[in-house]
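The values are calculated or read from the model by the stated rules, or taken from the named source; none is laboratory data. Since we're looking at a predicted model, the values are computed, not measured. Virtual Cβ from ideal backbone geometry, glycine too; neighbours counted across all protein chains shown. To get the accessible areas, we keep the full protein, side chains included, count just its heavy atoms, and leave off ligands, DNA and RNA. Shrake-Rupley method; radii C 1.70, N 1.55, O 1.52, S 1.80 Å.
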Amino acid sequence: MKKAIFLDRDGTINVDIGYEFSLEKCKLLPGVIEGLKLLEKYYVFFIVTNQSGIGLGYYPHETFVEFNECVLEKLGAQDIKILKTYCCPHAKEEKCDCRKPNKKFVLEAREEFNVDLKNSWVIGDHPSDVLLGINAGCRTVYLLTGHGASHLDDIKEKNIRVTIIAENFLTAAKEILKRNNGE
Ligand SMILES: [Mg+2]
Ligand SMILES: [Zn+2]
């Protein structure tokens, strides 16, 4: 079985630019490449992203794909491979079963790639990322990059049991490795 890291995208890997996608604004966050390099010895990577802007009509699915390819290329240029990107295109009001914190995509990845969820992690900058990890039986990192700092009160007030709170991606990667069982 493989161990995996399920990565949120905006605010976790790349700078969160809201609904206004443009390729010039496609930038990786500091420490992401270094962090992923540390983790790739033990983990495979997936992206799981909520893109309600598609469902709300703010941007078309193609714009999402284009921007995502830009992110994947920047990672690929450093030999970082994302096995698959899972995107929920629905607005919250549609009450779909794929929007985080629903675990549908993580379960799909488990089936398709034989992932050991108990020894896998979800990393993100939003409480819904942490809740996804909890729902799927993974461990979790809450990042203070992106929206993380502004939602930290939510995590505390709702008493969401996050495994690690990290200042940035590189710190997160190091903390994950401390808890890795070495296989
Ligand atoms: Mg995010
Ligand atoms: Zn959905």
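For a quick check: with amide H placed at 1.01 Å from N, whose amide H comes under 5 Å from LYS103's, ignoring anything fewer than 5 positions away on the same chain?
none
Rounded to the nearest 0.05, what FRET efficiency is calculated for ASN180 and ILE160 with R0 set to 25 Å and r the Cβ-Cβ distance?
With R0 = 25 Å, the Cβ-Cβ based efficiency is 0.65.
Explain nothing, just the number: relative contact order of the chain, from Cα pairs under 8 Å at least 6 residues apart, as a whole percent.
That works out to 26 percent.
Under 1.5 on a/c is rounded, so check that first for the stretch 4-179, then, if it is not, pick prolate when a/b is larger than b/c and oblate when it is not; a ≥ b ≥ c are the square roots of the alpha carbon gyration tensor eigenvalues.
Taking the square roots of the gyration eigenvalues as a ≥ b ≥ c, the stretch 4-179 is rounded.
Does the stretch 1-70 classify as rounded, prolate or oblate by the C-alpha gyration tensor (a ≥ b ≥ c root eigenvalues; a/c under 1.5 gives rounded; else a/b over b/c gives prolate, otherwise oblate)?
Prolate, since a/c reaches 1.5 and a/b exceeds b/c.
Where in the chain are the helices, taken as whole DSSP H runs, whose Cα atoms extend 20 angstrom or more along the long axis and whose Kyte-Doolittle mean reaches at least -0.5?
Those that pass (Cα extent of 20 Å or more, hydropathy at least -0.5) are 61-76.
Using 7 Å Cα-to-Cβ label points, what is the ALA149/LEU56 separation (nm, one decimal)?
My value for the distance between the label points is 2.3 nm.
Restricting to Cα pairs below 8 Å that are 6+ residues apart, what does the relative contact order work out to for the stretch 1-51? Please round to a whole percent.
57 percent
Leaving ligands, DNA and RNA out of it, report the carbon-plus-sulfur percent of the accessible area of the stretch 4-179 at a 1.4 Å probe.
In the stretch 4-179, the share of accessible area belonging to carbon and sulfur is 49 percent.
Heavy-atom accessible area per residue, the chain, 1.4 Å probe: how many Å²?
With the other protein chains kept in place, the chain gives 49 Å² per residue.
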